[in-house]
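Enquirer: This is the structure I have questions about; it appears just below.
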Amino acid sequence: MQTTDALHPGPVLTSPASRHRDLRPWLMLVFLSFWLAGCASLPSEVDRPVSRALSQPMQTRLGKMVQARALKAGTHNDSGFALVGNSELAFTSRMTLIKAAQKTLDIQYYAIFADDTTERMFDALREAAGRGVRIRILLDDFNTSGKNAQVLKLAFEKNFELRLFNPLPGGRSSLMLRILSNLKDVARMQRRMHNKIFVADNAIAITGGRNLGETYFGQSKGTNFIDIDVLAAGRIARDLSRSFDQYWNNPLAYPVQSLMSQEEIEAIKPKPAAALPDTSASALHTLPDTANLSGREPVTASSDSISEGLPALPDSTDLSLLTWTWAPSVLLVDKPSKIAADADDVEEAQETAVDGLLQLMSQAKTDLLIVSPYFVPGELMMRQFAEIRRRGVKVRVLTNSLASNDAPAAHVGYARYRKALLEMGIEIYEMRAEQEGTVISFGSGSGATGGSKYGSRASLHAKVVVVDGRLLVVGSMNLDLRSKLQNSEVAVVIRNRALSLEATRMIEPALTNGAYHVELTDGQLVWRAPQGSQLKDSTTEPDASLPLKLLLKLIGPLAPDEML
């Protein structure tokens, strides 16, 4: 989470009357929030035309390419995969699919942020729509206020359809006002569609941990998220499309036009900020539009291959999308009804994607590697971890440190279980917030560093599990009660040793070079500094500010796990 410390000019003397006047805006805000809570409601009569994924994907260029690659591989498996750990490749892969799509693009995300990076993606989408591609965007409603509400204007453009899942009633001028005006229904406000799916022509998909925004593609001057996606082709892409359709045609999916007009969206558009001498506009030219799909390393901005590659993408039928590995796979995905249900009902009656993941983890015989940025196991998961360790399984966990966590409240829940996890013999690694040189980006170069040329702050966001070096899970869910009980999630399970080894090789350099190894010495937590970092070990939360440490102690005893 990025914060800005305001500089206070010094003490200001006020009279009692002036102090009362200072309180009036806050009192008005509280009054307004309760008034909004009483007045706001969702429309009861909503037109939701039913639509489905492309029925004949093999007739498209991408579909034919997938068939050709499978035939060349001589495989009996119906799905192919390629891991994407590099933030630049994550962006260019999506851009490439947009440019290659001929019929449909189905895009489902928890959050799409309005910034220069996504605007480049929107421009590519507009070009696709202009050549007749049908574009469906399904977006969770929670982050569609303030500046990000401008994303919703896409709903009014030709060949675009945009629906909001589980929308909150009320205005969108600010996130704070939205939260205040929905305090009467906190439980519903917390149940969010966390799925992340990007499908082109029902032939090739991308899923994983990333939302859409500059911080997910290494373009932020502040903190950048470290993440892993997987490109998926063939039958598994069609499975992802079927899941998309279930959410798209669900009564909780509201067309933007049923909630607000284009004029209303424009009215809350933030005023442009004053120009600064050093802007990030020039930096965007360093991020190429498309991936070099013939190999692992993405093209660089200075390479002539960028301009040469752009025209070929829309009309080439010989796309070489990375090095595909064909393997058995299964989709773990929650039903849309999970969002409408109470947490107690979910726990008692519905098996969730997280439940499926935990069942796979429970089958581990030798080794379990877990990457979860928000790690709040709860009592049930703790019992499962104890059983796994009882069988002698080696368990390693990479999660955020307090300093690197963009949601400090989640760290509060994790800290409750940290000592008990260590006492079980589980190895814990916490991502460093400050990275030397450049932000860590899984799978770039040596697999340890690379990515953003701006900020050196990193926040872990990948959700990956490797079981016994043979089973790989990449998805949207964290190992916490929020993912288990409240959010809807999706993940791909792949049974393949080569891909599992590749994921492990992506992650392990971060364990040794970019994370603190947390140990328990004489009952005392000790953070061992990364190898070769010249940092000192610590007996308190490293790199964290005093306010964050105080937050940990104040909230720790109070907040329930499922709220974190």
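The values are calculated or read from the model by the stated rules, or taken from the named source; none is laboratory data. Since the structure is predicted, the reported quantities are computational estimates derived from the model, not experimental observations. Cβ sites come from the backbone with ideal geometry, for glycine too, and all protein chains shown count toward neighbours. Keep in mind that these areas ignore ligands, DNA and RNA; they rest on the heavy atoms of the full protein, side chains included. Shrake-Rupley method; radii C 1.70, N 1.55, O 1.52, S 1.80 Å.
Enquirer: Which numbered condition in (1) surrounded by fewer than 16 Cβ atoms within 10 Å (Cβ to Cβ); (2) at pLDDT 95 or above; (3) assigned to a helix (DSSP H, G or I) is the only one that P547 fails?
Expert: (2)
Enquirer: Kindly state which strands (runs of 3 or more DSSP E) lie completely within the stretch 142-210 and contain at least 2 residues that are open to solvent by less than 10 Å² (accessible area, probe 1.4 Å), in contact with an Asp or Glu (Cβ under 8 Å, 6 or more places away or on another chain) and not aliphatic (A, V, I, L, M).
Expert: Output list reads 204-208.
Enquirer: I've got another one for you. Spot the failing condition for M477; the list is (1) modelled with pLDDT of 95 or more; (2) closer than 30 Å to Q108 by Cβ; (3) of a type outside the set (V, I, T); (4) surrounded by fewer than 17 Cβ atoms within 10 Å (Cβ to Cβ), and only one is missed.
Expert: (4)
Enquirer: Pairs, please: C-beta under 7 Å, at least 6 apart or cross-chain, first residue part of a helix (DSSP H, G or I) and buried (at least 17 other Cβ atoms within 10 Å of the Cβ) and in the stretch 404-426, second modelled with pLDDT of 95 or more and aromatic (F, W, Y)?
Expert: Pairs that qualify, where the first residue is part of a helix (DSSP H, G or I) and buried (at least 17 other Cβ atoms within 10 Å of the Cβ) and the partner is modelled with pLDDT of 95 or more and aromatic (F, W, Y), are A410/Y374; Y414/F375; L421/F385.
Enquirer: Would you call E562 touching a helix residue (DSSP H, G or I) at 6+ places or on another chain (Cβ under 7 Å), charged (D, E, K, R) and not in a strand (DSSP E or B)?
Expert: So E562 fits the description; yes.
Enquirer: Out of all the residues in the stretch 514-540, which are open to solvent by less than 70 Å² (accessible area, probe 1.4 Å) and under 19 Å from E423 (Cβ atoms)?
Expert: Y516, H517, V518, E519, L520, T521, G523, L525, V526, W527, listed by residue number.
Enquirer: Give me a count of the residues in the stretch 525-544 that are part of a loop (DSSP other than H, G, I, E, B) and farther than 13 Å from A403 by Cβ.
Expert: Counting residues in the stretch 525-544 that are part of a loop (DSSP other than H, G, I, E, B) and farther than 13 Å from A403 by Cβ gives 9.
Enquirer: For the stretch 249-271: of the residues being part of a helix (DSSP H, G or I) and polar (S, T, N, Q), which is most open to solvent (accessible area, probe 1.4 Å)?
Expert: Checking each candidate, the answer is Q257.
Enquirer: Let me ask you something else. E127 - would you say it is open to solvent by 10 Å² or more (accessible area, probe 1.4 Å) and touching a helix residue (DSSP H, G or I) at 6+ places or on another chain (Cβ under 8 Å)?
Expert: When the stated conditions are applied, E127 passes them.
Enquirer: Here's another thing I want to ask about it. When only residues in the stretch 211-244 that are over 11 Å from the mean Cα position of the chain (by Cα) and among the acidic types (D, E) count, which is most open to solvent (accessible area, probe 1.4 Å)?
Expert: Ranking the qualifying residues of the stretch 211-244, first place goes to E214.
Enquirer: Same structure again: Which one of V518, V474 is β-branched (V, I, T), outside any loop (DSSP other than H, G, I, E, B) and within 18 Å of G80 (Cα to Cα)?
Expert: Within the list V518, V474, the selection yields V474.
Enquirer: Does D185 meet the test of being of a type in the set (D, E, K, R), free of Cβ contacts under 8 Å to residues at least 24 places away in the same chain and out of contact with any Cys (no Cβ under 8 Å at 6 or more places or on another chain)?
Expert: Criteria met by D185.
Enquirer: Of the residues F91, F81, which single one is within 26 Å of D227 (Cα to Cα), of a type outside the set (D, E) and outside any helix (DSSP H, G or I)?
Expert: F81
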